[in-house]
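J.: This is the structure I want to talk about, given as structure tokens.
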Amino acid sequence: MNIFDHITRKFGYAFKGLKIAIITDNSFKIHFLFAFPVVLSGFFLHFNRYEWMAIVLSIGLVLVAELFNTSIEYLVKMFTDEYHELAEKLLDISAGAVLMAAIMALVMAAFVYYPYVI
Ligand SMILES: Nc1ncnc2c1ncn2[C@@H]1O[C@H](COP(=O)(O)OP(=O)(O)OP(=O)(O)O)[C@@H](O)[C@H]1O
């Protein structure tokens, strides 16, 4: 297999993973719901390139954290449906990572929107 086919195949798997997360994970849909008005407001308020960078990075950080969280949920489900102390830690910590990313995104949004509301 040549390098081009290899890269194409890898991208295919990655897009398949994104599709699975978007279709099966409700939290993912909720993040999109929050991100949409923020992006829309960026066009209305004519964000500069630094504001767009902050917003894109913040939204991206939350979505990436959610993707890892979703994959950890699948990993736990693959091993057990029963209660397990380590499964609880895995799930809670990865949910904590999403929360942390969301808090950072809120702080970033506060910095971006501050000049527009004072
Ligand atoms: N197998 C398990 N062992 C121990 N604790 C678990 C297990 N499964 C879930 N939990 C606990 O329940 C919490 C919620 O888990 P999870 O997000 O998988 O459930 P859910 O609310 O049904 O999710 P979703 O609606 O997104 O499928 C976890 O953060 C963890 O504290």
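Rule-based calculations on the coordinates, nothing more; no lab input. Quantities reported herein were computed from a predicted structural model and do not represent experimental measurements. Here the Cβ positions follow ideal geometry from the backbone for every residue, glycine too, while neighbour counts run over all protein chains shown.
J.: Here are F111, F28: which of them is touching a residue at least 12 places away in the same chain (Cβ under 8 Å), surrounded by 14 or more Cβ atoms within 10 Å (Cβ to Cβ), aromatic (F, W, Y) and assigned to a helix (DSSP H, G or I)?
T.: F28
J.: Checking the conditions here, which among G17, G60 is surrounded by 13 or more Cβ atoms within 10 Å (Cβ to Cβ), in contact (Cβ under 8 Å) with a residue 12 or more places away in the chain and assigned to a helix (DSSP H, G or I)?
T.: One residue alone meets the criteria, G17.
J.: Please go through segment 66-79 and pick out each residue that is among the hydrophobic types (A, V, I, L, M, F, W, C) and within 8 Å of the ligand (Cβ to nearest atom).
T.: Passing the criteria: only V76.
One line per residue, one yes/no per condition, for (1) within 11 Å of the ligand (Cβ to nearest atom); (2) outside any helix (DSSP H, G or I); (3) surrounded by 16 or more Cβ atoms within 10 Å (Cβ to Cβ); (4) in contact (Cβ under 8 Å) with a residue 40 or more places away in the chain:
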residue: A35; (1), (2), (3), (4): no, no, yes, no
residue: V38; (1), (2), (3), (4): no, no, yes, yes
residue: G42; (1), (2), (3), (4): no, no, yes, no
residue: H46; (1), (2), (3), (4): no, yes, no, no
residue: V64; (1), (2), (3), (4): no, no, no, no
residue: D81; (1), (2), (3), (4): yes, yes, no, no
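J.: So, one more: Can you tell me which residue within segment 87-105, out of those that are free of Cβ contacts under 8 Å to residues at least 24 places away in the same chain and more than 8 Å from the ligand (Cβ to nearest atom), is farthest from H31 (Cα to Cα)?
T.: Here the residue is K89.
J.: Additional query: Scan (1) among the acidic types (D, E); (2) surrounded by 12 or more Cβ atoms within 10 Å (Cβ to Cβ); (3) farther than 27 Å from G17 by Cβ for the single condition E73 breaks and write down its number.
T.: Condition not satisfied by E73: (3).
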